[in-house]
Every structure is written in C-alpha cells, then in structure tokens.
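The values are calculated or read from the model by the stated rules, or taken from the named source; none is laboratory data. Since the structure is predicted, the reported quantities are computational estimates derived from the model, not experimental observations. Neighbour counts are summed over all protein chains in view; Cβ atoms, including those assigned to glycine, are modelled from backbone coordinates with ideal geometry. When the accessible area is computed, the model is the full protein with side chains, heavy atoms only, and any ligands, DNA or RNA have been set aside. Shrake-Rupley method; radii C 1.70, N 1.55, O 1.52, S 1.80 Å.
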Amino acid sequence: MFNSYEFILLCMPIAFGLFWYGGKSLRWRLGFLTFASYAFYSYWTFLDRNGSFESQRFFQALRFDNWQHIKNSLWGWRFTIIMLASSSVDYFAAALLAKIPRQEEVERALTPDAGAITYAPRIGRPRPGLRAALLALSLAANIGLLSFFKYAGFFSQIASDIAHLTTGRGFPIFAVVLPVGISFYTFESMSYVIDVYRGIAKPAKSYLDYACFISFFPHLVAGPIIRYSDILHQFRDVAWKRARPDWSHVSIGLMLFTMGLAKKLLIADSMAALINPLWDRLGTGEPLGMLGSWAVVLGYTFRIYFDFSGYSDMATGLGHLFAVRLPQNFNSPYKSANPSDFWRRWHMTLSLWLRDYLYIPLGGSRGGTYKTLRNLLITMLLGGLWHGAAWLFVIWGAWHGLMLAGYHLCKDRGWLLPTDTVAQRWFNRQLTFLFVVIGWTFFRAADVRAGNYGLPSITPALQMLRQMFIPSHVRHALHISDLRLLGEWIVFAWIWCNFMPNSFDFAYGLRLRRWHAAIAGALMAVCILFMGVHMDFLYFRF
Amino acid sequence: MPNDAIISYAEIPGPCPTAPPLRLDPDLSHHSGSRGFVAVFLLSMIGGYLLLVLINLLGNTSNLFPSPLQPALTERAWKTRRLDALVRAHTPPDVIILGSSRVMQIRPSYVAALAGGTAFNYGVSAAGPVDWYAQIHYLISHGAKPKMIILGVDEFCFGDASSRWQLQNFGHAGLAWHLPTRDFFALLGGVLENVDPQNTRSSYHEMFKRSDDNPLNFSNRSEYVLSDGYMIYKHATDIATIRAMALEFLKKNAADNDGAATSITPRRTEMFDGLLDLCHDQGIQVRVMLLPLHPEYARIIMSKQHLRKTWHDVAAYLAQTCPKHNATFNNFSDPKSFGGDPNEFWDGAHVTAENARRMMNALFGLPPLQMAAAFPSDDDLLNAQVPPMQTSKKKARVREKSSSTRRAATTH
C-alpha cells in the first residue's frame, strides 16, 4: 500500500534505483517494471487479516517439488495467475484482431486514391465474423471474471431471495474473495481489445509491453483507469532512453506524491477517525440527530474526495518517478456547476471509460431525448454496480443517473437555473453539491452491516436520510466536542474544495524552487509521523 | 506524437455529454525540477523526520527510547538501570533470575540464601530467547557476569511470535545494542511506528519537565517491583477467571492457523543453544526450568492438540539440550513436580511467592516446605519502613502493531 512504511521507505526507493540504474535497455526497464508490479500485486496475496506479511505462507508457495506443493503454490499465487491469464487472453485476442483487416481498411486499400486498382493480397480478406468472435471471447473472459469474483454473491443473493419468495426456501449464497484491483485491470484490458477492434489503437509491440501496461503498479489496484494508447508511446519516450532519471519528472512526481499522501493521511484519515464511529452507530440503531447526521454525511463527502484524489495524486506522482505520465483523475469535482460537470471532474478516467465503451455504444445522445435519458440511466446504473455488488451502489448509480437525466431534460426544455451572476453560479454549484452529498449517503451506507447483499442492506441509508431530513427530538446525540471538531474539518475541507487549485493545477502550474522542495520534504516527514495510524484507501475494495 | 491517443478518442462519432478533459501530457519543460530539488526534498524529509524522532527520544512518553532526560519507565529498562547501579557500586549480583513475568515472583533474597552471594530478579514480561540473548550479552559485556543464571522458560516462547513487550528493549541503549541483528531491525521498525503524532506532542511537552524516574512517583499501585527485581502482584483471581483467561487465550490463538506463533522454531532453539554455550564458555552455571501452569488453566489450554504437542516438544527439547550444554533442567510444568499448591497461583500462569519458593527449593534439592531463610509476606514487604523501589510494568504507552495475530498467542 502506498501509505505504508514498507512501501515508502523500502519498496519505492529500491524500485526507483533499480529501474534507472539497473540497466538502460528498454527490455530491462519494461521487464523490471513488470516484475516489480507483479511482486507488488502478489504481496497482497500473502497478507494475513491483520495486514501482516505471512512469510511462511510465501515460502510455502514457492515450493513446486511435488504435486501437493504445486497445488498449494498455485492456490497461493491464484490472484497473480488470474491477472496473468486475463492479460494473456486479451493480448493474444488483440494480436489476432490486428492481423485480420477491418472492412474499412480493405476498402481503403482498394480505392484508386490508395493506388491499388486490383485486390491487394497483403491486406487479406475482411472477416468481420471472426473479428467479432475474438472480441466477444475477450469480453466474455473479462466480464466473466468480474462477474464471478465480484458479483457472484450479489446475484446469488438475488436468486435466493426470488426463490424464497416463490418457493419459500432460499439457497446458500456464494462467498468469493475479490482479487484486489480486478475491476480496474479488467476495464483496462477490455478498453485495449475494443480499441484494437475499432482500429483506433495499435496492438502491443510485445507481450512485455502489454504486461507492463496492465500491471504497472501505480495504477494497478485503484486506478486511474488508463488506456494502452495513453501509455505505449511513453515506454519509448526520450526519458526512458536516458541512462539517468529525468529529474523534472522526479521533482514533479515527489511533489504530487507528497500532496496525495498529505491529503490521505492528514485530512482524509483525520476525518475518518471522527466519522467512522458515528457511522457505526447506524448499525446499532443509535440516533445521530439532524445536525449530527448532516455533519457525518458531509464529513464522508469530503473524506472520500481527499482519500481517492489523494490516492490518484500519489499514483500519478509514482508514475512520474518512472517517467510515465498517468491521466488526471480529479479536477476539483466539488466546484461542479451541474451533474454533468461533476462527472467531468470526478473519477474522470472511469467516466471517460463509461462514455466511450458504454454510453456511446448504447447510442449516446443520438436517438432523441428519451433514448439519451435511457442511456444515461443505464450507464450510471452499471457505473454504480461497478463500484460494488450491493443494492446501495445500484441506488447510488441510479441517483446519479437521475441527476444527469434531470439535468439534460431541464437543459433541453430551457428550465436550467440562470448562471449570469456570481451568486447564481455559486447557488448552482452548492445545489449540485447538495445532490452529490445525498448520493454519498447510499455509497457510505453500503459499509454499514445490515445483512449481506439483500434488500435489508439498504436500511442504514434510509435511516440516515430520515435523520437528515426529519427533525427529531434527539439531543446531544454527539459529544459537542466531536461535533465541533468535525464541523471545523468540514469548514476547512469546504474552503479547500471551493477555493484551492487542485493538485494538478498546483503542481504543474508551479515553477519549482528549492524552498518548495524543503516544504514538501518536511510535509513528507510529517506524513510519515501519521503513517502508523493505518487506514486503507476507500477505493481498494472496488 | 504523445497526444495522438487522446485525439483519436474524439473520432468516435456522436456527441459526448459527459466527456471529461483528460490531461495526460502536461508540459514539463518550464519546470525547474532538478537533481538539486530532489536532494533538498530528501534532506528536508530525512532532517524533519530525525527532528521528530529526537523529540520522541528526549521526551520519551512512549518509554521506548533510552532518553537521557526522561529514562524509560519500563521493566526491561528499569531493571537494567538497577543492574547498572549495582555494577557502578561494585556489587554486581552473583545469581541472575531470567524469564518472563512468571519468574518475577521468585524472591532474590531467598535464592541468595540457597545459592550464596547476592541475587537479582531480571525477569521481564513475555521474555523469550531474543530477550535473554540481549540480557546475557549485556551482562557479560557490562562487567556484571553472574556465577549462576536461573532461567525460567515459558512453554510457547520458542514460537516465532513477536511481542510488543520486546520493543521495550529499546528503552535501554545497552539492551538494544545487544539484540540479535535481525530482531534489532524488526523491533526498531516497531519503535519508529510509535513515533506518532500523540507521542510526539506529549514528548515535546515532557522534554521541558524534570525526569520522574523517582521510584515513589508511580500511580499504579497494583504491582510493585522491588529494587532487587522481585514483583509483588495484587491481582488474585478465582477459578472462573482462570477458565475465562484460558478460553481467551484459545480464542486469540485460533487466529494462528499454522501454529507458528507457539510451535518450536529452529531459529529460537539455535539462539537458545548458543546462549547455553556462551554461558558455559564464560563459566556461568545455568539452571533451566520449564515453568508451571495452574492445573485448570493447563487443562483447558492443552485440550488443543497442537498446543499440547508444543508443550511436550519443549519439555523434550530442554531435557535433551540442557545436559548437552552443561546446564541442568527441571520440568516444573506440573505443580506437583515441585510440591506446588494449586491455590498458590495469582492466575492461570503466575505463581505466588510461596509456590515460587517451593520451586526454588526443588531446584536446589530441598523439600518443598523447608524454609531456607526468613520469608516475610508480601504485605510485610510493602509495609516496611523503607518503601520498596517500585515501577509499573504497564507504564509504557506502546501502540499496537498490526501483527496482532502473532502477538496474541504470546503469553506474558
């Protein structure tokens, strides 16, 4: 994990040193980065439930001297093998796809403009059926993998509930351990194969290229969701041909990494320590009161932003240490003027993926108002489901789908609120923020234990919403000191989110001076001080 | 061209109402980032962190640092400082009692009467081979080489469990320095994890206060450690509590799936064998004993086959290795073996002074009930005109490490 002593003080410096000073060849750098990324990923497999590395289990998994040991080892490395298998299927599917010309390519080759009067045998025959079959195979492998590991429990619960309603008897629910990062790397794999199929991306030059792209550790477990064409040219960039690090990259990388770490440890985790115990009250049925529940939901709204954007900043910063630029994932989302604007700023790489591979294939906005609204709703419902196999994530997705649909409907009919004055723009911004905050209630409540996947799991969210909107006679539900501290954090975070530039604007817009380095270094030291109070990144579970 | 990839997405037909601007390739040319920038960053980070460690070291509210201003008030550090004082006074003890908290009820004055010379109880909570390694090496290097070591062994101390109590070795520089290299670095990591905001803030305030290493200043009066290392317990428990403690142990141990925390590991036994050899080479007589458990506690714990097996394995190992290295071994795991009284236990694992006295009698070949010297009650000791030296073993404020699975299986 990026916010651990082991990673910052050991893994990161060693990986950086070996990458730059271990060899200059492309093969070394790709090979080392792939190896380091797989090692980083496999590390998770050998953690116990307290997060400690189980060295004994690790060494047992390295034994292949008899059949029993081989079976144990395969089981020990199962998540790594799954990622490797998924990558392999997609790599070979794309390689085959690239060999079969698309209809347009053949037509272009046969046109007089291209200088080919007769049929050109080197182009080959277009075989759309085979291409579609290859694409389907790859998509089925990825979606099947995701469905099994992520949604088996959820869908079996639904099936069981239906069986219970109809026959009076349910059946056991699947319980499958979710491999870390599977949602991210399957999406990246799918985008690669689809892009090659569409002819807008070239296939990987080698398996190593592709394996490195999929496994590159900064983005592996929680994004940003990158595309092969974003990364390919960077592996052959001038920075990678140098024998020594590109210090401009390293400088900006350290700045971004420190900012991300500070957002995570100093802000998000501090807020989490205040709000988590209060959320847990929902599970016990203790009331929070109107003020308390708003404070808790607002606290979570800012916490998730600082947590996830902090992670994304760290990932981008880490990418720079290896002279690889990763895309921006957050662009001050709480400054959004409307729901559509929000999704241009929040988890940008996911919304871009959903747009390109779901919304547009569904028809986008080409089929009139009704179809646009339908497509928006379907896209956001599936986007919600991508976050987790639970009804609350579906509801969260539906909430955002409705927000987007409502916004587009209002836009079509000219019912949007005016944005002429500063006050009007601020009103729009805060109104959007309010809707987003309500959405987070569903998102966070998914963690509150109230049954597994079934419909009772939505109860905590309903309880929270009731407390937020229906005044109750609960007094002093929270310690006044807790509420005050939380309130101070919320005001601080609100000011930050509304008036401060985001990390990308800040880091890339700054002309770096040495005193910036001194401050960033001191900030990193303070972050290390806070590192022992360990909290996972929220998006690791997705 | 780097931007080709981004531009190509725009070729997809159809309007894109939710298209986010993907910033992938910011221009870095105007950045003055350089090797100097990185060097300043690293220097600032390391310097800043060292400053924070220094505050923790000087203020030492975690009691994990050998602070010259605020000495660590933990058993390992406190007892080692008492030994330092004896060495400075040219009266190093002739007999050293080593072991976990389960030997802390052995009275050095009684042992001195049995063995001759002076004695000091150097038992510390959750001690195992790593602690004994540091303690014995420190004693030898510091000019406090004893003539005899009485070593009480816990049945599960040869497992690979690391206990948070071991972090307290860093409270005394001499002890920390003599830790085995691998454990030194592992424990150093644990100590640095305790350089946290709360400890740093309180250490900063403590830096400017006078040291409270005054033995009379402790507020926790439930346990007392006298100046010769003897601990007076004030926690008497009934049989129901003993059963509950045993069940709690089993519950915690259940997380230890592979039994690694309790079973014998080669590294620990090699370390133990090495210590016995070292003592033999140094002319130190070693008397090893496997410590007793309350019969009811033992019945519940040993109902688990892997724990029962470890208990037998440890006894067999000690019976085999001690004579090989010129040490004696007594298996006191059953209280009957030394004429012990099941009612003379503070809890499931800790004997009272009376049972400890009988154990010493058996170790030196005397009948259990024979009195080799005057044996005042604990209350008499507490009410003596000159107040005893005291320390509280729970004084250290140590943050829990994440490896609680291993720790949970460790007995104290």
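Would you mind telling me the share, in percent, of accessible area of segment B:90-176 contributed by carbon and sulfur at probe 1.4 angstrom?
Working: 1010 of 1840 Å².
For segment B:90-176, the apolar C and S fraction of the accessible surface comes to 55 percent.
Put a dot 7 Å past each Cα toward the Cβ at A:Leu10 and A:Leu47; how far apart are the dots in nm?
The two pseudo-label positions are separated by 1.4 nm.
What average number of partner chain Cβ atoms lie no more than 10 Å from the Cβ of the residues making up A:495-508? It would help to have the intermediate numbers written out before the result.
Numbers: counts 0, 0, 0, 0, 0, 0, 0, 0, 0, 2, 2, 0, 2, 6.
The shielding value for this peptide is 1.
For segment B:49-178, with only Lys/Arg (+1) and Asp/Glu (-1) charged at the beta-carbon, what is the dipole magnitude about the Cα centre, in debye rounded to 20? The partial results should precede the final answer.
On the way: 10 positive and 7 negative charges, 72 e Å.
Charge dipole, segment B:49-178, about its Cα centre: 340 debye, nearest 20.
Could you provide, to the nearest whole Å², the per residue accessible area of segment A:273-349 with probe 1.4 Å? Don't jump to the answer; show the numbers that get you there.
On the way: 1520 Å² over 77 residues.
With all protein chains present, segment A:273-349 gives 20 Å² per residue.
From the phi of every residue in segment A:489-498, what ³J(HN,Hα) in whole Hz does the Karplus formula 6.51 cos²θ - 1.76 cosθ + 1.60 yield, where θ is phi - 60° and glycine or proline is x?
4, 5, 4, 4, 5, 4, 4, 4, 5, 9
Of all trypsin sites (Lys or Arg not before Pro) in segment A:33-88, which ones are in loop regions per DSSP and have a Cβ with at most 10 other Cβ atoms within 10 Å?
On the way: sites: A:Arg49, A:Arg57, A:Arg63, A:Lys71, A:Arg78; in loops: A:Arg49, A:Arg63.
Within segment A:33-88, the qualifying trypsin sites (Lys or Arg not before Pro) (loop, at most 10 other Cβ atoms within 10 Å) are A:Arg49.
Just the accessible area for A:Arg345, please: 1.4 Å probe, Å², rounded to the nearest 10?
50 Å²
How high is the relative contact order of chain A, given as a whole-number percent (alpha carbon pairs under 8 Å, six or more residues apart)?
Values: 697 pairs, mean separation 92.0, N = 542.
Rounded, it is 17 percent for chain A.
In nm, give the distance between the simple-model label positions of A:Asp161 and B:Asp238, each being 7 Å from the Cα along the Cα-to-Cβ direction.
4.9 nm
Please average, across the residues of A:511-519, the number of beta carbons from any other chain that are within 10 Å of each residue's own beta carbon, and give a whole number.
Average neighbour count from other chains, rounded to a whole number: 6.
Can you list residues from other chains, or at least 5 along the same chain, whose modelled amide H is less than 5 Å from the amide H of B:Leu151?
B:Leu98, B:Arg287, B:Val288, B:Met289
Can you work out ³J(HN,Hα) from phi for every residue in segment A:436-446, in order, using Karplus 6.51 cos²θ - 1.76 cosθ + 1.60 and θ = phi - 60°, giving whole Hz and x for Gly and Pro?
5, 4, 4, x, 5, 4, 5, 5, 6, 5, 4
Using a 1.4 angstrom probe on the protein heavy atoms only, could you order B:Ser62, B:Ser263 from most to least accessible area? Don't skip to the answer; put the middle values down first.
Values: B:Ser62 0, B:Ser263 40 Å².
Final ranking, largest accessible area leading: B:Ser263, B:Ser62.
For A:Ile143 and A:Trp426, compute 0.36 nm times the residue count separating them, minus their Cα-Cα distance, and round to one decimal in nm.
97.7 nm
According to the Kirkwood expression over distinct Cα-Cα pairs, how big is the hydrodynamic radius of chain A, in Å? List each step's numbers first, then the result.
Numbers: mean 1/r = 0.0391 Å⁻¹.
It works out to 25.6 Å.
Label segment A:123-251 by shape, choosing from rounded, prolate and oblate, from the square roots a ≥ b ≥ c of the eigenvalues of the Cα gyration tensor; if a/c is under 1.5 it is rounded, and otherwise prolate applies when a/b is larger than b/c, oblate when it is not. Before the final figure, lay out each step's value.
Numbers: a/c = 4.39, a/b = 1.70, b/c = 2.59.
Oblate, since a/c reaches 1.5 and b/c is not below a/b.
Note every residue of segment A:247-284 with a reduction of at least 30 square angstrom in accessible area, all protein chains present versus the isolated chain, computed with a 1.4 Å probe, or write none.
Those are A:Trp247, A:Ser248, A:Ser251, A:Leu254, which lose 30 Å² or more relative to the chain on its own.
Averaging sequence separations of C-alpha pairs under 8 Å and six or more residues apart, then dividing by the length of segment A:6-81, give the relative contact order as a whole percent. Kindly include the intermediate steps, with their values, before the conclusion.
Numbers: 45 pairs, mean separation 15.5, N = 76.
Normalised by residue count, the contact order of segment A:6-81 is 20 percent.
With charges set only on the Cβ (+1 for Lys and Arg, -1 for Asp and Glu), what does the dipole of segment A:329-424 come to about its Cα centre, in debye to the nearest 20?
Working: 9 positive and 4 negative charges, 28 e Å.
In debye, rounded to 20, segment A:329-424 gives about 140.
To the nearest whole number, what is the average tally of beta carbon atoms from other chains within 10 Å of the beta carbons of peptide B:357-367? Walk me through the numbers on the way to the answer.
Values: counts 0, 0, 0, 0, 0, 0, 0, 0, 0, 0, 0.
For peptide B:357-367, the averaged partner shielding equals 0.
Mean separation of Cα pairs under 8 Å and 6+ residues apart, divided by the residue count of segment A:224-375: what relative contact order is that in percent? The partial results should precede the final answer.
Numbers: 160 pairs, mean separation 44.6, N = 152.
Relative contact order comes out at 29 percent.
For a 26 Å ceiling on Cα separation, which of these pairs sit above it: B:Lys304/B:Lys336; B:Lys79/B:Lys324; A:Lys264/A:Lys335; B:Lys147/B:Lys324; A:Lys150/B:Lys304; B:Lys304/B:Lys324? Numbers along the way, then the final one.
Working: B:Lys304/B:Lys336 22 Å; B:Lys79/B:Lys324 31 Å; A:Lys264/A:Lys335 20 Å; B:Lys147/B:Lys324 19 Å; A:Lys150/B:Lys304 37 Å; B:Lys304/B:Lys324 31 Å.
B:Lys79/B:Lys324; A:Lys150/B:Lys304; B:Lys304/B:Lys324, as the Cα separations exceed 26 Å there.
Which length gain, in nm to one decimal place, applies between B:Gln370 and B:Ala85 when the Cα-Cα distance is subtracted from 0.36 nm times their residue separation? If you can, show how the numbers build up before the last one.
Working: separation 285, 0.36 × 285 = 102.60 nm, distance 3.32 nm.
Fully extending the segment from B:Gln370 to B:Ala85 adds 99.3 nm.
Please give the total accessible area that chains B and A bury against each other, computed with a 1.4 Å probe and expressed in Å² to the nearest 100. Intermediate values should be presented prior to the final figure.
On the way: alone 19780 and 25780 Å², together 40210 Å².
Interface area, both chains combined: 5400 Å², rounded to the nearest 100.
Provide a list, ordered by number, of residues in segment A:186-230 showing at least 10 Å² less accessible area with every protein chain present than when their chain is taken on its own, using a 1.4 Å probe.
SASA drop of 10 Å² or more in segment A:186-230: A:Arg198, A:Ile200, A:Arg227, A:Ser229, A:Asp230.
Quick one: which residues, 5+ away or cross-chain, put their amide H under 5 Å from the amide H of B:Phe345? H built at 1.01 Å from N.
B:Thr352
Taking θ = phi - 60°, what integer Hz values does the Karplus form 6.51 cos²θ - 1.76 cosθ + 1.60 yield along segment A:413-421, in sequence order, with x for Gly and Pro?
In residue order, the calculated couplings are 8, x, 9, 5, 5, x, 10, 7, 9 Hz.
If you take the Cα atoms of segment A:26-82, find Rg, then find the Kirkwood Rh from the mean of 1/r over all pairs, what is Rg/Rh? Let's see the in-between values first.
On the way: Rg = 12.9 Å, Rh = 12.3 Å.
Ratio of gyration radius to Kirkwood radius: 1.05.
Heavy atoms of the protein only, probe of 1.4 Å, neighbouring chains included. What is the accessible area of A:Arg514 in Å², nearest 10?
Roughly 140 Å² of A:Arg514 is accessible to a 1.4 Å probe.
How large is the convex hull of the C-alpha atoms of segment A:264-354 per residue, in Å³?
On the way: hull volume 11.6 nm³, N = 91.
With only Cα atoms used, segment A:264-354 gives 128 Å³ per residue.
Name the residues whose placed amide hydrogens come within less than 5 Å of the amide hydrogen of B:Tyr233, ignoring near sequence neighbours (fewer than 5 apart) on the same chain.
When sequence neighbours closer than 5 places are left aside, there are no close amide H contacts.
Dipole of chain A, Cα-centred, from +1 at each Lys and Arg C-beta and -1 at each Asp and Glu C-beta, to the nearest 20 debye? Display every interim value, and only then the final one.
Numbers: 50 positive and 30 negative charges, 197 e Å.
So the magnitude is around 940 debye.
Calculate what fraction, in whole %, of the accessible area of segment B:251-372 sits on carbon and sulfur atoms when a 1.4 Å probe is rolled over the protein chains.
On the way: 2660 of 5250 Å².
Carbon and sulfur atoms account for 51 percent of the accessible area of segment B:251-372.
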